[in-house]
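What follows is calculated from the coordinates using simple rules that are stated; it is not laboratory data. Since the model is a prediction, treat every value here as computed from it, not as a measurement. Heads up, the Cβs are rebuilt from the backbone with ideal geometry, glycines too, and the neighbour counts pull from every protein chain shown.
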Amino acid sequence: MPSPALRALLIAAALALLAGCSEAPWNYPYSAADRDRNILYSVFVDRPKHLDPAQSYASDEAVFTRQVYEPPLQYHYLKRPYELIPLTAAAVPQARLVEKNGATYSVYDVRIQPGIRYQPHPAFNPAHLALDRATIAGLRSPYDLPAHAARELTADDYIYQIKRLAHPQLHSPIFGLMSEYIVGLKEYGERLKKAARPGTWLDLREHPLEGVERVDAQTYRVTLKGRYPQFVYWLAMPFFAPMPWEADRFFSQAGMAEKNFTLDWWPIGTGPYMLRQNNPNARMVLERNPNFRGEPYPAEGEPGDAAAGLLADAGKRMPFVDRAVFTREKEGIPLWNKFLQGYYDVSGIQSDTFDQVVRISVEGDANLTPEMERRGIELRTSIAATVFYLSVNWLDPVVGGNSERARKLRHALAIATDWEEYLSIFANGRGVPSHSPLAPGIFGYRDGRDGFNPVAYEWRGGQAHRRPIEQAKKLLAEAGYRDGRDAKTGQPLVLYLDTTSRGPGDKPRLDWWRKQFAKLSIQLEVRETDWNRFQEKLRKGTTQIFIVGWSADYPDPENFMFLLHGVQGRARNEQGVNASNYVNPEYDALFERMRNMPNSPERQRIIDRMTEIFRHDSPWIGGFHPKNYSLAHGWLANSKPNEMADNTLKYLRVDAPRRDALRNQWNEPVVWPLLLALAVLAAAVVPAVVSYRRRERMSAR
Amino acid sequence: MTAYIVRRILYAIPILVLVNLLTFALFFVVNTPEDMARMQLGAKRVTPEAIEKWKIEHGYDRPLLWNAKAEGLEKATRTIFFEKSVKLFTLSFGASEADKRDIGNEIKTRMWPSLALAIPVFLVGLAVNITFALFLAFFRATYLDYSGVVLCVAMMSVSTLFYIIGGQYLVSKLWHLVPISGYDEGLDAAKFLVLPVVIGIISSFGSGGRFYRTLFVEEMGKDYVRTARAKGLAETTVLFRHVLKNAMIPILTGVVVVIPTLFLGSLIAESFFGIPGLGSYTIDAIQAQDFAVVRAMVFLGSVLYIIGLVLTDISYTLVDPRVRFG
């Protein structure tokens, strides 16, 4: 009869053998029952903070909210430049200009398609709108309640959500902006503040909002002050998604918040998916909404899409995937390895694995390494609608202002700062140097010879080349700083870079900045600071040189050009987006004209002139537009980067049997190390036992 | 004993107040309530009105420590410090400032994954370390002992992070034996816990084994051990019945105090292995400057540490009859 310890060991070995006999690999991280199901597996790194469409603004939240909530409009998945198309709306609404009491108003009538239904949810069952605390306390999820119901989407739901932007207990990031445009929204916020009672549900249906009216069950009207053509882009964001009053009422019940059952965590929508599991610490699970109306996969795209197989599913009803499982991975190493093992369908590329994944050809093209190609992994790249820039503070007496001296100094710095080298060293080449405030793909952006910045570059051999450093030195001398010394005082020129980069890993980057300025014999002092102090310095206008970035809300040149609009200066206007505090009356006047124009040759001409002014004044000493690299396994179809749309899950299709076969092939357990470890243990224990027995038998000495 | 425990609990109150004050001071030295509001509201489109609204909603519109405008006792009570700290003593932690989730609920949910990792690491680790130390003590001054000590010194010189990354690389990436990270509920959690538990045991093996060996070797040199051997007792009896028992006081000093804190989890291991425990929760809160969560976790850590110290004192009386509560 073996000893209990030996018996336990034998049982463990038998279990291990049994596990080996089953088809799932030993390191399979999901439920074995889901192995060949039509499920997409992805990751999230940071916990989402808000899933309430009135509050959510971050892209890592949009991964979830955009699959559930449906605003009236969306971006075409395949076409470029980005194009707005209807989602729940019958058509993209056009502004109707109305003159009233000497003022101009833009009126948008948004008509919703009939027959759209919400996902099944307990909130639509009237019995669940008056639950007692004990019932709520016993729930693990709102979906634990029985008898889910649904109803048809109406215009009232959109109106309800617009009103929620002004709700006193919510922090909608666009309330300030929309208050400037939607008639009566600001005053509405004040009225709601007075009407709100702690612990009592505020029924917004009882409080009308002047600028948002119901035309009929399927149509609502939004009246804006003045012209604001960019408003239609906001209609493609979840801020303007519908919110059924029942959902608001349901989650306002006493006891819900203590269980973390809030609209901020449990979205209710009409979209293709519904959030059925919400554990932001570990796993978020989206499941197909059985009430989703279905939407045809696009039949048109940009050139090359058909050849890339992106139109193979044209006309088929979406969504294709039944469920999407998002697992939280805080660290890059497990994330990357699980992608390589086939347990995640998509992944980004970290800097430390870049060389393992991508080879840059002599022509500068990014290609996958043979190892990645063997695995059938596909690389997708796209330039983000984002700009990172090194800016001067226009209020600074040394580098700011429109004097000829300061301008030449900025031009010299613009030549000396080698952004191509920066991107090569610190971003594995993932980015393109910026020549204007506009990111590629945005109306007004010009490429090639028409688009290069002649201040820092010259056109040679069909390409823009950075001007020689001698020209920068000459400009510096003309500015009164020959060899980096002030001609009047003889003192060395010392400039200050404010940055939040202060970790040990940031040192090479900071040294690189010093090196760029040292090319002109200018000393660069780095002032490291935390994020809060850095923001405070920007608000007070006490920085000199700094690096900031901007990601576009929508693909309109206004959303980039306003970064240099005088009235948006951060030191004058705390919420201003013009961190440089740049002011140029001509630029400002052109901006005012351009912002409300439709895309047209005239608008292009104005943008060209604004870009010319920008380059001449050079408030930014260059910058870059990051290039996003993403990887997808070959079993994932229809994946195309879209920098504007986040509701992309519905387009994706997974070949689950192929994935399962490859996972098995890639993850065969290697058992010999276990056997070796047991042998080593035995080799260590057996002599010890023998020695112990010998000692025990030994007579006293 | 009851009087002793009551006295220790009363001592704990000023300690907890001081810990709270220290956490509060350290946090607000680098952050103003406005900074916190900006941090939570994000960088885009934040208006001064939104900041004010956030401060009022989260109770940060009051003075930090002293309210000069209030009357009488309210000068001290109508302050951020008082209002945020007093509730902690009733174990009412409030809501996270980053995402408004109820902290008490989060703690209740997240303590289980932490315990699922910490308890096996603690118990198995203790058993392995003590067994190994007894083994070395038994073979003291032999090549086995010297090799064991060298092994311990080598293992304690290696960072835990190295064990984690190395373990993930070998066991999960190369050999495909267990998932590299993740967590699941119930028995499904086992496959995710094997590697972190083994790594947790290995990473504490060097220091633990060496520490216990020192205790045992010291005990083995004492007269009572020589007497036991002279009486003809088997070496195993000497080791387990006499040496181990007499080495219990220093062992308990180090062991019992950590038992209550086990559920606070491991900061690094939970992050690397994707275990949604309280260690990972604390790290997230520090990164997000979520003062409500940081405050709650520091308070809880202090309470548990004090409980651990009291338990340690009580455990002394169980293993050593000479120890009495005065």
Original post:
Can you list residues whose amide H is under 5 Å from A:LEU368's amide H, if they're 5+ apart or on another chain and H is modeled 1.01 Å from N?
Top reply: A:ARG359
Original post:
What is the average number of partner chain Cβ atoms found within 10 Å of a Cβ in B:100-106?
Top reply: 5
Subject >> For segment A:511-555, alpha-carbon Rg and Dmax in angstrom >> reply: 13.8, 41
Original post:
Can you give the calculated 222 nm mean residue ellipticity of chain A, where each DSSP H run of n ≥ 4 adds -39,500 (n - 2.57) and the sum is split over every residue, rounded to the nearest 500 deg cm²/dmol?
Top reply: -9000 deg cm²/dmol
**OP:** Let me have the relative contact order for segment A:386-628, percent, based on Cα pairs under 8 Å that are six or more residues apart.
**Re:** 33
Original post:
When the Karplus curve 6.51 cos²θ - 1.76 cosθ + 1.60 is applied with θ = phi - 60°, which whole-Hz ³J(HN,Hα) does each residue of segment B:245-257 get, with x for Gly and Pro?
Top reply: 5, 6, 8, 5, 4, x, 5, 4, 4, x, 8, 5, 4
**OP:** State to the nearest 20 debye the size of the charge dipole of segment A:386-628 about its Cα centre, where the only charges are +1 on K and R beta carbons and -1 on D and E beta carbons.
**Re:** 500
Subject >> chain B, relative contact order in percent, only Cα pairs under 8 angstrom and at least six apart counted >> reply: 23
**OP:** Please list, or write none, the lysines whose alpha carbon is within less than 16 Å of the alpha carbon of A:LYS650, excluding same-chain residues fewer than 8 places away.
**Re:** A:LYS316, A:LYS640
**OP:** Using the Cα centre as the reference, give the magnitude of the dipole from point charges on the C-beta atoms of segment A:450-542 (Lys, Arg: +1; Asp, Glu: -1; all else neutral), rounded to the nearest 20 debye.
**Re:** 100
Subject >> Inter-label distance for B:GLU34 and B:GLU83, nm, one decimal - labels placed 7 Å from Cα along Cα-to-Cβ >> reply: 1.9
Original post:
Over segment A:499-598, what lengths in whole Å, largest first, do the semi-axes of the equivalent ellipsoid take, defined as the square roots of 5 times the eigenvalues of the alpha-carbon gyration tensor?
Top reply: 30, 15, 14
**OP:** May I ask for the net charge around A:SER424, where only other residues with Cβ less than 12 Å from the Cβ of A:SER424 are counted and Lys, Arg are +1 while Asp, Glu are -1?
**Re:** -2
Subject >> Distance violations [Cα-Cα > 18 Å] among B:LYS53/B:LYS108; A:LYS49/B:LYS44; A:LYS194/B:LYS84; B:LYS222/B:LYS245; B:LYS44/B:LYS84 >> reply: B:LYS53/B:LYS108; A:LYS194/B:LYS84; B:LYS44/B:LYS84
**OP:** Let me know the Kirkwood hydrodynamic radius for segment B:167-216, please, with Cα pairs as the basis and the value in Å to one decimal.
**Re:** 12.3
**OP:** Would you tally the net charge around A:ILE415, using a Cβ to Cβ cut-off of less than 12 Å, leaving A:ILE415 out, and scoring K and R as +1, D and E as -1?
**Re:** +4
Original post:
segment A:557-613 to segment A:140-217: how many Å between their Cα centroids?
Top reply: 33
Subject >> Pairwise centroid distance, computed over Cα atoms, of segment A:653-698 with segment A:452-484, Å >> reply: 64
**OP:** Mind jotting down a quarter of the surface of the convex hull over the alpha carbons of chain B, in square nanometres, one decimal?
**Re:** 22.9
Original post:
Tell me, what HN-Hα J-couplings in whole Hz come from the Karplus equation 6.51 cos²θ - 1.76 cosθ + 1.60 at θ = phi - 60° for each residue of segment A:392-403, using x for Gly and Pro?
Top reply: 9, 8, 4, 7, 6, x, 8, 9, x, x, 9, 6
Subject >> Within straight-line cross-link reach of A:LYS193, aspartates and glutamates at Cα separation under 16 Å, skipping those fewer than 8 residues along the same chain >> reply: A:ASP203, A:GLU206, B:GLU49, B:GLU52, B:GLU57
Subject >> Charge dipole magnitude, Cβ of K and R +1, D and E -1 - chain A, Cα centre, debye nearest 20 >> reply: 1600
**OP:** Sticking to Cα atoms, compute the Rg of segment A:386-628 to one decimal and its Dmax as the biggest Cα-Cα distance, whole number, in Å.
**Re:** 17.2, 53
Subject >> Residues whose placed amide H lies under 5 Å from that of A:VAL432, excluding near-sequence neighbours >> reply: A:HIS625, A:LYS627
Subject >> Rounded to whole Hz, the Karplus (6.51, -1.76, 1.60) HN-Hα couplings of segment A:302-318, x for glycine and proline >> reply: 9, x, x, 5, 5, 5, 7, x, 7, 10, 5, 9, 3, x, 6, 7, 9
Original post:
How far is the Cα center of segment B:175-252 from the Cα center of segment B:293-326, in Å?
Top reply: 22
**OP:** Please report, to two decimal places, log10 I(q)/I(0) for segment A:589-680 at q = 0.12, 0.15, 0.24 Å⁻¹ as given by the Debye formula with identical point scatterers on the Cα atoms and no solvent.
**Re:** -0.74, -0.88, -1.18
Original post:
For A:333-343, what's the mean count of beta carbons from other chains sitting within 10 Å of each residue's beta carbon?
Top reply: 5
**OP:** Give me the lysines in straight-line cross-link reach of A:LYS507: C-alpha distance below 21 Å, same-chain residues under 8 apart excluded.
**Re:** A:LYS515, A:LYS519
**OP:** Grab the DSSP H runs of chain B that are 4 residues or longer, score each as -39,500 (n - 2.57), total them, divide by all residues and round the 222 nm result to the nearest 500 deg cm²/dmol.
**Re:** -21000 deg cm²/dmol
**OP:** With an 8 Å cut-off on Cα pairs and a minimum separation of 6 or more residues, tell me the relative contact order of chain A in percent.
**Re:** 17
Original post:
Going from the alpha-carbon gyration tensor of segment B:1-160, what semi-axes, largest first and in whole Å, does one get by taking the root of 5 times each eigenvalue?
Top reply: 48, 23, 16
Original post:
Counting DSSP beta bridges in the protein assembly as shown, what percent are antiparallel, to the nearest 5?
Top reply: 80
**OP:** Starting from the alpha-carbon convex hull of chain A, give the projected area averaged over all orientations, in nm².
**Re:** 44.8
Original post:
Which GluC sites (Glu not before Pro) does segment A:266-361 hold that lie in a coil by DSSP with at most 14 other beta carbons within 10 Å?
Top reply: A:GLU300
